[in-house]
Amino acid sequence: MTPLYDLDQAIRKIRNYPKEGIVFFDITSILTNPEAFGYCVDRMVEIYKETGISAVAGIESRGFIFAAPLADRLGIPLILVRKAGKLPGETYHQDYELEYGKAAVEIHKTDVPQGGNVLLIDDLIATGGTLRAARSILEEGGAKVKNVFGVIGLPFLNFQEKLPGVEITTLINYENEEL
């Protein structure tokens with residue numbers, strides 16, 4: 001079992017960025033700290049090694065950083081969930097709403113495992129909109145998404161409402177009053 005680690009101390013918090021009233025949780029401070037990054041990867045392996053997941057899907061771009069070592073350690077495929085227009089092949093496409101606009105994600109059709117159990121990973125789970133869009137296209141392609149993982153969770157933004165029917169796991173949560 002991985003020893004506990006104070007992940008909160010490893011996360012840089014930048015107030016009023018990118019705009020007034022927002023706290024930006026900067027995971028680059030985890031990446032520059034090998035002990036913190038190793039803790040995150042070790043915990044993911046512990047959590048998911050016996051769950052029967054057949055692939056890991058990482059959300060562009062910081063989700064890739066956490067999804068790749070997990071896929072490697074578990075010996076399963078890594079699926080990239082990219083911003084629209086970044087993949088050269090035939091893709092599944094899903095538009096979604098942001099707090100301040102619209103965006104879209106895509107996945108190569110050939111990357112989606114038919115009937116496979118896919119773990120969806122991002123660095124931070126806030127409103128859940130990007131994860132919901134990614135889940136939608138994975139399921140459109142014939143995969144099942146039963147689990148979502150984020151290093152950081154902001155449950156006060158109600159991401160659970162956008163991700164019904166999936167188990168959401170985070171290593172650390174921040175509540176509104178903590179910000």
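All of the numbers you see were taken from the coordinates with simple rules; none came from a lab. Every value quoted in this text rests on a predicted model; they were computed, and no experiment measured them. All Cβ positions, glycine included, derive from the backbone under ideal geometry; neighbour counts span all protein chains shown.
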Exactly one of Glu50, Glu20 is over 20 Å from the mean Cα position of the chain (by Cα), in a loop (DSSP other than H, G, I, E, B) and over 18 Å from Thr170 (Cβ atoms), and that one is Glu20
In the stretch 119-170, anything farther than 16 Å from Lys83 by Cα, basic (Lys, Arg) and surrounded by 23 or more Cβ atoms within 10 Å (Cβ to Cβ) is listed as none
- Any chance Gly58 is touching a residue at least 40 places away in the same chain (Cβ under 8 Å), crowded, with 21+ Cβ neighbours inside 10 Å and part of a helix (DSSP H, G or I): no
*Right, Arg73: in contact with a helix residue (DSSP H, G or I) (Cβ under 7 Å, 6 or more places away or on another chain), at negative phi, in a helix (DSSP H, G or I) and among the basic types (Lys, Arg) or not?*
yes
